[in-house]
Amino acid sequence: MTLARLHLVATDDSEATDAPPGVGPLWDVPVPLTGAATAIPPFPLDVFPRWLGDMAAGVARFTATDPAMAGTLAVAVLSACAGGRLEVEPVPGWREPVNVFAAVIAGPGERKSPVHRAMTAPLFAAQSTLADAMRPRIAEAAALRDIAERQAEQAKAQAAKATDPGKRDDAAADAVAAAIAAEAITVPGLPKLIVDDATPEALINLMATNGGRMAIISDEGGIFDTLAGRYSGAPNLDPYLKGHAGQPMSNERTTREGASVDKPALTVCVMAQPVVLRQFGGNAGLAGRGLPARFLFALPASMAGYRPVDTPPVPEQVTAGYTHRVHDLAATFAEWTDPAVVVLTEDAGKVRRAAAEQVEAELRPGGSLHDMREWGNKLSGATLRLAGLLHVAHHPTDAWRRPIDADRMADAVRLADFFAAHYRAAVATISADATTETARRVLGVVTAKGMTTFTRRELHRRCHRQLPRAADVTAVLDVLTAHGWIRTTDTGGYEVHPRAADLTAGGGNSGDTVTTAPDSSVSAAQTT
């Protein structure tokens, strides 16, 4: 029986599980501990061209992680390259930017940092290349600015010394002109493509000095802490809200002159632990402003306990090809000032319309998107953004001269379906209360140790880390009993549902939303 089928059984109250002969009454099917459970799909690596799909698969294989982790980072890397430099126009009058917000949610020790390093390395290399090319121009502009400022000071001194009224007026005009000329010389800063973290105010300045673009791709969840107000009671959300939508913004508070961005394009990819997700997603202020609904969430399945000790490195030619493509994409788009606009082919337009109509239907009461309308309302736009990024990946040398075809649009719809399922899982994680989450972990311990019966004292001893206090034991026993995973015996102990191990297999502990078991050895079989 597949994991998906197991969860269908687990949520069907009409079925019951037979008890072994002579052992008590029949068991009801237990209720999932995190609400309605649903199997969520693996990351569709085949939406990528070979140079990108093989890299994501190779990194997943080498780090023994779910390909969803590297795959989501690959999307963020494409966004860092093309965001603010490409727009998709599905119909006249609607232009969708291609920068995205993403979040990879995984527990501690899930090897987020190695995946982050491998996937973002070419962006840092491209940033260094751009900085090296800019240094001579910076030095020249700095020298010219210094000369102009000295001339302005001399002109000011001459005007101050003038005694003849006519000469004083002329000298004053010369001094003003010299000061304006000096002020007009701008010394550019070193270009940046990617940062690990930044305050909202600093982020506006970074975008203002980098053509309106910036990418925050971090292997930690500090950005979520900042946005949730941990370091400021009322954080400035404008760089994120407007940076996602491409709306003009300014900041007059950090400098005398302030900074403004006419058309910002912010890319965000955060790798955070579930506890950080709960704090971020459960923040009413952020939810009210619609910030969490702008994120594409990925919840990779944990492979801890099943990881091979020795794994093959990513083939050198795969790493070289990936590095070359990303480096060139980032460097090419960085030189642009205005975004290119790509349209859809007629067939791609049909795919888009069908998908949009389906989204609209699912937003109705009873539909799969009705309970997450704040995110579902943005799904059609997000699908276009993904289509634009996949288009760039498949045509890295001339995507801006081609229309998006039906295959890329269909791939974008598949990728959007992946993120929709994972967003639903993220919502379940956010809404799970502490006691239910502890009960889920305890049930995982019970099934892993093969316990079929136990006493209260034995459970406390076996799960002392999860249940340090007697009150915690009572609360968890109540939850597990109420959900039908355990029941009391005539002797005052507890017995475990006979199918508990099956129903919680593959990471789907007690109805937790699960990802279909990943195969990190997959090789992307795509076109070049």
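The values are calculated or read from the model by the stated rules, or taken from the named source; none is laboratory data. Source: prediction; values computed, not measured. Using ideal geometry, Cβ is built from the backbone for each residue, glycine included, and neighbour counts are taken over all protein chains shown. Remember, those area values only see protein heavy atoms, side chains included, never the ligands or the DNA or RNA. Shrake-Rupley method; radii C 1.70, N 1.55, O 1.52, S 1.80 Å.
Against the test of being within 25 Å of L26 (Cα to Cα), among the basic types (K, R) and within 37 Å of the chain's Cα centre (by Cα), the options R469, R465, R440 yield a single qualifying residue, R440. Condition (residue is within 49 Å of the chain's Cα centre (by Cα), without any contact (Cβ under 8 Å) to a residue 24 or more places away in the chain and open to solvent by less than 70 Å² (accessible area, probe 1.4 Å)) applied to segment 144-154: is it met by at least one residue? Yes, the conditions are met somewhere in segment 144-154.
In segment 240-253, the count of residues that are under 29 Å from E110 (Cα atoms), in a loop (DSSP other than H, G, I, E, B), modelled with pLDDT of 85 or more and open to solvent by 70 Å² or more (accessible area, probe 1.4 Å) is zero.
Condition test on V75, is it within 30 Å of K350 (Cα to Cα), assigned to a helix (DSSP H, G or I), open to solvent by less than 10 Å² (accessible area, probe 1.4 Å) and aliphatic (A, V, I, L, M)?
yes
Of the helices (runs of 4 or more DSSP H) contained entirely in segment 346-439, those carrying at least 2 residues that are among the aliphatic types (A, V, I, L, M) fall at 346-362, 379-394, 406-431.
Search segment 454-466 for residues that are modelled with pLDDT under 95 and pair each with any residue that is charged (D, E, K, R) when their beta-carbon atoms are under 6 Å apart and the residues are at least 6 apart or on different chains. Sorted first by the residue in segment 454-466, then by its partner, the pairs are Q466/R441. K350 meets the conditions (1) over 23 Å from the mean Cα position of the chain (by Cα); (2) closer than 22 Å to R85 by Cβ in every case but one. The failed one is (2). When you check A175 against the structure, is it of a type in the set (A, V, I, L, M), surrounded by 15 or more Cβ atoms within 10 Å (Cβ to Cβ) and in a helix (DSSP H, G or I), yes or no? Yes; evaluated as a whole, the condition is true for this residue. Residues that are surrounded by fewer than 23 Cβ atoms within 10 Å (Cβ to Cβ) and either under 21 Å from H422 (Cβ atoms) or free of Cβ contacts under 8 Å to residues at least 12 places away in the same chain (or both) occur at least once in segment 118-132.
Yes or no: D196 of a type in the set (D, E, K, R) and either modelled with pLDDT of 85 or more or open to solvent by 50 Å² or more (accessible area, probe 1.4 Å) (or both)?
On the way: of a type in the set (D, E, K, R): yes; either modelled with pLDDT of 85 or more or open to solvent by 50 Å² or more (accessible area, probe 1.4 Å) (or both): yes.
Spelling it out, D196 is indeed of a type in the set (D, E, K, R) and either modelled with pLDDT of 85 or more or open to solvent by 50 Å² or more (accessible area, probe 1.4 Å) (or both).
Selection of first residues in segment 475-490 that are basic (K, R) and of second residues that are open to solvent by 20 Å² or more (accessible area, probe 1.4 Å) and not in a strand (DSSP E or B), restricted to Cβ pairs under 7 Å at least 6 apart or on distinct chains, gives the following pairs, ordered by first then second residue: R487/T481.
With respect to K378, is the statement that it is open to solvent by 20 Å² or more (accessible area, probe 1.4 Å), touching a residue at least 12 places away in the same chain (Cβ under 8 Å) and under 30 Å from G288 (Cβ atoms) true? Before you say what the answer is, go through the steps one by one.
Values: open to solvent by 20 Å² or more (accessible area, probe 1.4 Å): yes; touching a residue at least 12 places away in the same chain (Cβ under 8 Å): yes; under 30 Å from G288 (Cβ atoms): yes.
It is true that K378 is open to solvent by 20 Å² or more (accessible area, probe 1.4 Å), touching a residue at least 12 places away in the same chain (Cβ under 8 Å) and under 30 Å from G288 (Cβ atoms).
Of all residues in segment 266-308, those being at pLDDT 85 or above, aromatic (F, W, Y) and open to solvent by less than 10 Å² (accessible area, probe 1.4 Å) number 2. Beta carbons closer than 7 Å, at least 6 apart along the sequence or on distinct chains, pair a first residue in segment 342-368 that is open to solvent by 80 Å² or more (accessible area, probe 1.4 Å) with a second that is in a helix (DSSP H, G or I) and at pLDDT 95 or above for D347/A406. Filtering segment 78-108 to residues that are under 25 Å from G349 (Cα atoms) and open to solvent by 10 Å² or more (accessible area, probe 1.4 Å) leaves G84, R85, E87, E89, P90, V91, P92, G93, W94, R95, E96, P97.
Taking first residues from segment 424-453 that are at negative phi and modelled with pLDDT under 85 and partners that are basic (K, R) and open to solvent by 20 Å² or more (accessible area, probe 1.4 Å), the Cβ contacts under 6 Å between residues at least 6 apart in sequence or on separate chains come to I430/R278.
What about V446, is it within 20 Å of A102 (Cβ to Cβ) and either open to solvent by 10 Å² or more (accessible area, probe 1.4 Å) or of a type in the set (V, I, T) (or both)? Judged against the criteria, V446 is not a match.
Going by what's in this entry, would D28 be described as charged (D, E, K, R) and over 27 Å from W375 (Cβ atoms)?
Values: charged (D, E, K, R): yes; over 27 Å from W375 (Cβ atoms): yes.
Answer is yes for this residue.
Name the residue that is surrounded by the most Cβ atoms within 10 Å (Cβ to Cβ), counting only residues in segment 408-443 that are acidic (D, E) and out of contact with any helix residue (DSSP H, G or I) (no Cβ under 8 Å at 6 or more places or on another chain).
Initial filter on segment 408-443 (acidic (D, E)): 411, 417, 433, 437.
Still in the running and out of contact with any helix residue (DSSP H, G or I) (no Cβ under 8 Å at 6 or more places or on another chain): 417, 433, 437.
Details: D417: 17, D433: 11, E437: 20.
The residue in question is E437.
Which ones in segment 264-291 are touching a residue at least 12 places away in the same chain (Cβ under 8 Å), of a type outside the set (V, I, T) and assigned to a helix (DSSP H, G or I)? Give the steps one after another, and end with the answer.
Our first condition is that a residue be touching a residue at least 12 places away in the same chain (Cβ under 8 Å); within segment 264-291, this holds for 264-274, 276-283, 285-287, 289-291.
Of the ones still in play, those that are also of a type outside the set (V, I, T) are 264-266, 269, 271-274, 277-283, 285-287, 289-291.
Across segment 264-291, the qualifying residues are P274, L277, R278, Q279, F280, G281, G285, L286, A287, R289.
Could you identify the single residue in T186, T209 that is under 43 Å from the mean Cα position of the chain (by Cα), modelled with pLDDT of 80 or more, of a type in the set (S, T, N, Q) and open to solvent by 60 Å² or more (accessible area, probe 1.4 Å)? Spell out how you get there, then give the answer.
On the way: T186 fails: modelled with pLDDT of 80 or more.
T209 is the lone residue from the list that is under 43 Å from the mean Cα position of the chain (by Cα), modelled with pLDDT of 80 or more, of a type in the set (S, T, N, Q) and open to solvent by 60 Å² or more (accessible area, probe 1.4 Å).
Please verify whether segment 15-24 includes one or more residues that are modelled with pLDDT of 65 or more and either crowded, with 24+ Cβ neighbours inside 10 Å or over 18 Å from the mean Cα position of the chain (by Cα) (or both). No; the residues of segment 15-24 include none that is modelled with pLDDT of 65 or more and either crowded, with 24+ Cβ neighbours inside 10 Å or over 18 Å from the mean Cα position of the chain (by Cα) (or both). Kindly indicate whether D405 is modelled with pLDDT under 95, among the acidic types (D, E) and open to solvent by 40 Å² or more (accessible area, probe 1.4 Å). Criteria not met by D405.
For segment 27-44, does any single residue satisfy the condition of being out of contact with any helix residue (DSSP H, G or I) (no Cβ under 9 Å at 6 or more places or on another chain), part of a strand (DSSP E or B), surrounded by fewer than 23 Cβ atoms within 10 Å (Cβ to Cβ) and modelled with pLDDT under 95?
Here is the first cut: in segment 27-44, the ones out of contact with any helix residue (DSSP H, G or I) (no Cβ under 9 Å at 6 or more places or on another chain) are 27-28.
Adding the requirement that they be part of a strand (DSSP E or B) leaves 27-28.
Applying the additional criterion that residues be surrounded by fewer than 23 Cβ atoms within 10 Å (Cβ to Cβ) yields 27-28.
Applying the additional criterion that residues be modelled with pLDDT under 95 yields 27-28.
Yes, that holds for at least one residue.
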